[in-house]
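Here the structure is laid out as structure tokens; the discussion comes afterwards.
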């Protein structure tokens, strides 16, 4: 299915050049079939009329609203998505979020936006340190191995690399600088023990993303203040530590950054103080994204991300995926039984904000549906250059592209976009079977 995405010209020769990039066998041969069909029908996606305004459900405002560029050109979209913590191989839950934001980025580019996409690697974390100890290796070596594994997994499932893929370990100077700014403004404080905390009470609108009230959060904590913290709600910006390969010198002594400040520093480095889209899983809304907003807006004296998008969660047969339940599926294990297209198709049948539930039966159904699509395309390809001219006909590519745009410009509704493709495939089968008359 990915082959059609690269067909950017109605010039036959250009499409034939694209065809040469694909081998004659395997899954890539299927991509050739899409390109062949595009060449025969002379489809040009990139010269379609200007799209209507893209609407996005914004977690911050709790409304569906127009996506607006903050750049004076009105044509730039900067997007940051929280990436993986690299202590183990990626599982299909990681794939779900990566695929959704990959498609969102692709559609924004397709719509004519100049997109800068940042997706980070968290390569400094307690889980990495603990796993490295178990394996008898350094945290830095484990993180590097897992980053390379993640890159291979993403390539295998058709996820394009982000424009920038920063690592926490590469951003320590920027993180330290941001913490210093917060301390100078008294939005943060260093303790005698060498830790640094953010003062949550200094942010008057803390809780605006998650809808949580600091007073209610305070009443839900133990009265005992942990360590040198002034308030139980305060969160760590810097932690005293001396683990080799996972700690750095700082004005407060040797240590490592807290989780939340990492993304604030990385997004600022590549996207600036303010940008258009920040994404991640729904489980990150609080405390991670809430704390990102607080520290970033305090340090930068500017609004952070204007639109927040959150993906749903993935379950296996209605249960949370975990190794203890025996339903933990890595991307590598999935690809031993199914093609990458099955995974992408299965995920994109859902809206990005919906929870996704998978099972073997679902994978089988996706596999059968993909075969149906390819068989239908083969039948239509054999009939080319037959033309379908009725404007409202699902076989008319202008109708199909219009329905695709209608779905994707309405909160990136991949489920509705695939439903339109289903209509086109059904009409194609009817035409091939003689139940539908060609014009």
Legend entry - Percent antiparallel among DSSP beta bridges (both partners in region 58-316, rounded to 5): 40 percent
Legend entry - Descending Cα extents along the principal axes, region 180-316, whole Å: 39, 39, 37
Inset, instruction - Only Cα pairs under 8 Å and at least 6 apart count here; give the relative contact order of region 238-341 as a rounded whole percent. - result: 21 percent
Inset, instruction - Assuming a ≥ b ≥ c are the square roots of the Cα gyration tensor eigenvalues, decide whether region 58-316 counts as rounded (a/c under 1.5), prolate (otherwise, with a/b larger than b/c) or oblate. - result: oblate
Inset, instruction - Could you tell me what % of all Cα pairs in region 136-189 have separations over 18 Å? - result: 55 percent
Legend entry - Burial ranking of peptide ranges 247-256, 127-136, 403-412 (average Cβ count within 10 Å, highest at the top): 403-412, 247-256, 127-136
Legend entry - Column: log10 I(q)/I(0), Debye, Cα scatterers of region 109-161, q = 0.14 Å⁻¹: -0.51
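Where a number appears in this text, it was derived from the coordinates with a stated rule and is not lab data. If you're wondering where the values come from, they're calculated on a predicted model, not measured in any experiment. Positions of Cβ are backbone-derived with ideal geometry, glycine not excepted, and every protein chain shown enters the neighbour counts.
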